[in-house]
Each structure stands twice: as structure tokens, then as C-alpha cells.
Amino acid sequence: MADMVSQSCELCTGPGGRVLWQSARCRVVRVDDADYPGFCRVIWNAHVREMTDLDAVDREALMRVVFAVEAAVRQLFAPDKINLASFGNMVPHLHWHVIPRWADDRHFPEPIWGRVQREDRPPRPVVDDAALIRALAHLE
């Protein structure tokens, strides 16, 4: 049964974005979203649904990566706020969203999946993937 699930899971069968860093446990990918540059996902490699499916050592390792990505995004993009989210309602495979937010972004103060608040698309910092990769190079 688990093998059938992983064969139909988009995060088991594909990277989930542009891979910036990876280890045996997880990977960090950049989400291609012009409104939210620096939007990354931290994806657990094995198909599990919830944080409590991991043992304590794996949970701590995953969160170290999430916090390192948050720190890198803050340093490189200087957002007003960072949103961390782990939903999995649409893709029930353990992953965290690390989303830079600005007070004037299209959805603020709503979540990025919420109702659009403004049509303006203010200029955002341009940071290439190489800078993100360098910022994450110290992991594991």
C-alpha cells in the first residue's frame, strides 16, 4: 500500500521545485513564484504524512533545515515577515513552506493562498539560486 501511495505522490516522484540542497533525509527546493521570490520548500525524502511519523532525531534534523532556510531567506531577501507552514492537505507528504512576506505583497495580511488584497506587484529583491545554494552549503 505505501509503495502505491509513493508512486502517486508528486513529492515522491518529482523534486517539487528547483533543488538547492539535499541530504539523505530531506531536500530544499525553490518554488518558482514571481510574487514571492525566495519561497522555498523543505521536503522530507521518504513518504510520511506527519511530523509525528518521524522519530525525535529526524524531527530535530528536519527543523534545523527549516530554520536554516528561514535564516537564509531573511538574510538574502529582507522580507517584512516569514511564514512557515506545513499543511499537506493537497499533497499529504511531509514538507514545510518557507515563504517571505512583505507588507505590500499581493495577499498581505492574508496567507498567499488567500484572497488577493492588491493587484500591484512591487519590485522584489533579485537573488539567484547560486546565492541560496551558498547560504545553505553549511547544512549537514
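Quick note: the coordinates plus some simple rules give every number you see, no bench work behind them. Please read all numbers here as calculations on a predicted model, not as lab measurements. Methodologically, a virtual Cβ is constructed for each residue, glycine included, from the backbone with ideal geometry; neighbour enumeration extends over all protein chains shown.
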**OP:** Please turn the phi angles of the range 32-43 into ³J(HN,Hα) values with the Karplus equation 6.51 cos²θ - 1.76 cosθ + 1.60 (θ = phi - 60°), one per residue in order, whole Hz, x for glycine and proline.
**Re:** 7, 9, 4, 6, 9, x, x, 5, 10, 10, 10, 10
Original post:
Candidates (1) 2, 10, 21, 25, 22, 15, 5, 1, 0; (2) 2, 10, 20, 22, 19, 15, 9, 4, 1, 0; (3) 2, 9, 15, 15, 11, 8, 7, 7, 8, 6, 6, 4, 2, 1, 0; which is the computed P(r) over Cα pairs in 5 Å bins from 0, in percent?
Top reply: (2)
Original post:
If you add up the charges near TRP44, with Lys and Arg at +1 and Asp and Glu at -1, over every other residue whose beta carbon is less than 12 angstrom from its beta carbon, what do you get?
Top reply: +2
**OP:** Would you calculate, for the chain, the mean residue ellipticity at 222 nm contributed by helices, counting each DSSP H stretch of 4 or more residues as -39,500 (n - 2.57) and dividing by all residues, to the nearest 500?
**Re:** -8500 deg cm²/dmol
**OP:** Fewest Cβ neighbours within 10 Å first, please rank SER8, SER86 accordingly.
**Re:** SER8, SER86
**OP:** Find out how many positive minus negative residues lie around ASP53, taking Lys and Arg as positive, Asp and Glu as negative, among other residues whose Cβ is under 15 Å from that of ASP53.
**Re:** -1
Subject >> Built amide H within the under 5 Å cut-off of VAL48, gap 5+ >> reply: LEU94
Original post:
Local charge sum around ASP120 (other residues, Cβ-Cβ under 11 Å, Lys/Arg +1, Asp/Glu -1)?
Top reply: -1
**OP:** Could you tell me the distance between the Cα centroids of the range 18-77 and the range 122-136, to the nearest Å?
**Re:** 16
